[in-house]
1. Taking a cut-off of 24 Å, what percent of all Cα-Cα pairs in segment 75-327 are separated by more than that?
2. Where the centroid of each part is defined by its Cα atoms, how far is segment 329-352 from segment 174-251 in Å?
3. How much net charge surrounds GLY297 when only other residues with a Cβ under 13 Å from its Cβ are counted (Lys, Arg +1; Asp, Glu -1)?
4. Take every Cα pair under 8 Å in segment 75-327 that's 6+ residues apart, average their separations, divide by the length, and report that relative contact order as a whole percent.
5. What net charge do the residues around GLY281 carry, taking every other residue with its C-beta under 14 Å from that of GLY281, with Lys and Arg at +1 and Asp and Glu at -1?
6. If eta is 0.692 mPa s and T is 37 °C, what Stokes-Einstein diffusion coefficient results for segment 96-182, Kirkwood Rh from Cα pairs, in µm²/s?
7. Among 122-129, 310-317, 221-228, 137-144, how do they line up by average Cβ neighbours within 10 Å per residue, starting with the highest?
Amino acid sequence: MSGSSGSQGKTLFRRRWEHTVTREGVRGARPGREALTGVHTGRPRGRGRRGEQPMVPPAEFTSYYGQPVINRPVWQAPDIPGYLFLGGLAGAGSLLGAGAQLTGRPDLARVAKAGSFGAGLASMAALVHDLGRPARFLNMLRMFKVTSPMSVGSWLLAGYIPAAGVAALTAALPDRLPRVGAAATAGSALLGPGVAAYTGALIADTAVPAWHDGYLEMPFVFVGSGAMAAGGFGLLAAPLEQSAPARNMAILGLVTEASAFERMTRRIGMVAEPYHSGRGGAYVRAGQVLSVLALAGALLGRRSRAISMLSGAAFMAASAATRWGVFNAGLASADDPKYTIVPQRARLQARP
């Protein structure tokens, strides 16, 4: 009896096994965790046969406890983005004022010089406020280091603001000290492009990914943005019949900024994501919309004082939006460790 029941049990087990085992595997069995079948493993075991390989979803980079791997900049808004914007307006405005004086447009020269001096003072005030004490700015003048954008920029501001002030004062009093005014105008125009450009080199000299990786194009973005702001101020404040140079500078600045920014974001790849998302992306998109409106107003408002003024205000707002967008995009890229580590790994893997 026991042998008969044992053979019957084996027969029943074999029949159940035959009904559950198929050519594709055991019917009803669940594969192991994260295992996918039917994936070619490279070298087949037999002719026409395919192997199997367990697959794991691509891992997303995370740092230790998800913490940033670089220190977030301690710069604060509105001090630093205001400092970036006003410095560009001041530097480009001095160049516009000198050109207006040479071409016989005294009203445009006067407002451009006054705006440049005022913007330069406000830019320095914003920088000193962010530093906390005026003595810290003076300490940066204790030495000159050509490899430090902050050192070079401090000396540029220290030389530019007095020259811009004298140029503005003599433009307001054209019959007083004409030679001094001409020398100050020439000096501020000579230093102006450096004042407009060095802040782009300054932020690119940091470890912040969205700023540092764009080091090739960032100064051109800032120079173009400064030209937009200075040209917009000229359109806003100068008489219509003398505003042609301001209009041309604003349009040229728009083209320079837009082309340099587009090239930068394409070149740096994934690190440019903060320029298209979050608060930084919102500012950048606002600047692009304002630029289109400003360009339309500049082309259509050649004979309308009101439209010309609206166009100038839009140019200035677009320039400011770009600076705020760049500032916030940099902070976002510093907070997310993937923008620091992933490009570093890609560069290491690309080495021969």
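Read-outs throughout are calculated quantities, based only on the coordinates presented, and are distinct from any laboratory measurement. Since the structure is predicted, the reported quantities are computational estimates derived from the model, not experimental observations. Note: ideal-geometry Cβ built from the backbone for every residue, glycine included; neighbour counts use all protein chains shown.
1. Result: 44 percent of Cα pairs exceed 24 Å.
2. 32 Å
3. Combined, the nearby Lys, Arg, Asp and Glu give +4.
4. 21 percent
5. Its environment carries a net charge of 0.
6. After rounding, the answer is 231 µm²/s.
7. 221-228, 310-317, 122-129, 137-144
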